[in-house]
Every structure is written in C-alpha cells, then in structure tokens.
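Read-outs throughout are calculated quantities, based only on the coordinates presented, and are distinct from any laboratory measurement. This one's a predicted model, so the numbers in the text were calculated from it and none came from an experiment. Here Cβ is always computed from backbone atoms with ideal geometry, including for glycine, and neighbour counts include all displayed protein chains.
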Amino acid sequence: MADSSKSVAEENVLHPLEFLQTLDKMRVSGEGCDVTLKVTNQSFPGHKLVLAANSTYFRAMFGEGFVESSKNDVVLHDLDPKGVNAVISYFYNSKIEINADNFGAVFAVANMWDVKFVLTACENYLRVHLSASNCLGFQILVHQSSAFSENFRTLLDDFVNKNFMVICRSKLAILL
C-alpha cells in the first residue's frame, strides 16, 4: 500500500506568462477594468491592481487617502500617449520596445511612474546608441535626471573625456 502521507508539489512555470496574457486580453477588451487613464485625447483602460503592482506611483495614487483611489477615470497631464501605451503594455506583457521615435516619451513615463526595468531599458538604449555626435545631449539628460545609474553616468562621462577632441571637431564642423 502506498504511503498517503507523502505529498507531491508541482510548479506550472508557464502560469505567470499565461496569467499576464489573460490580463492583457482582459485589458484590451475592457473586461474587469476598474480605471481608465486619460492622456491628451486618448484613453487607456486598466486594472488598478496591475498598475499598483508595477509602479510605486500608482500604488500611492490608488492607496487610501487619495481621491484617485475611488475614481474610475484618472487624467494624467504632461505625458505622451506613446509612452503611456508602451509602459502600460509592458505592465501586461513584460516587453518594452524603445526606439528613436518613442524614447523620450517612454523615459518620461517610466521616470514619473518609477518603473525600474523600463528605466534600465532606456539606459541600455542610450548605451547602444552612444556616439561622439550625441554624447553631449545624452550627458545633459543623464545629469538632469536621478533615474540613471551611477555606473552609466560614469561610463558616459568617461566616453566624453576620451572622445573630447572628436566631439569638439564634430561640433566645430557643424558650426562652420
């Protein structure tokens, strides 16, 4: 006779992925959504719990004592809908695509909402595209924001120092 006191534990490693995919389908169809983010002239339905689980900004906003916790519509100012869409999509599918067209918008949203993974992805985007022609602009952005890591600040400063003459020539050539 088998020992009935032995237990069996199983883990469904696909469960998190399937869970997120289902939540994303629900978001797209509006099913179970309890909040709509209004940005400019666009609306983004979502689930407060998903937003709060992914962002300290929303965790605070939907917490007790904030008027937004009881509202279904939340108007967000000074954000680009492209960035909002990209970051909300990341919340539901764990993927973020950053390109020249959406970098600024995605960075602004991730910075405001304190989305660490997306901020790291923005940093990686800058790292991949770093060149003598854009490093000074990157350096200004990085030093104006606390969102970037100290390692990236150092890497950028070192790049500018090592390529200073090339940078000066390229800037002088543009001025001439």
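With loop membership from DSSP and a limit of 12 other Cβ atoms within 10 Å, the longest segment of the chain without trypsin sites (Lys or Arg not before Pro) is 7-94. By the Stokes-Einstein formula, at 1.306 mPa s and 10 °C, the range 97-171 with its Kirkwood radius over alpha-carbon pairs has D equal to 124 µm²/s.
Using a 10 angstrom Cβ neighbour count of at most 14 plus a DSSP loop assignment to flag exposed GluC sites (Glu not before Pro), which longest range of the chain is free of such sites? In the chain, the maximal stretch lacking such sites is 98-176. Running Debye on the chain with equal point scatterers at the Cα sites and no solvent, what base-10 log of I(q)/I(0) appears at q = 0.08, 0.16 Å⁻¹? Each listed q corresponds, in turn, to -0.37, -0.98. Calculated from the alpha-carbon coordinates, the range 15-115 shows an Rg and a Dmax of 13.0, 39 Å respectively. Cβ crowding within 10 Å, taken as a proxy for footprinting-reagent exposure, orders 129, 77, 47 from fewest neighbours to most as 77, 129, 47. Placing R0 at 30 angstrom, the Cβ-Cβ distance between residue 169 and residue 149 gives a FRET efficiency of 0.50 after rounding to 0.05.
Computed as a quarter of the hull surface, the mean projected area of the alpha carbon convex hull for the range 130-175 stands at 3.1 nm².
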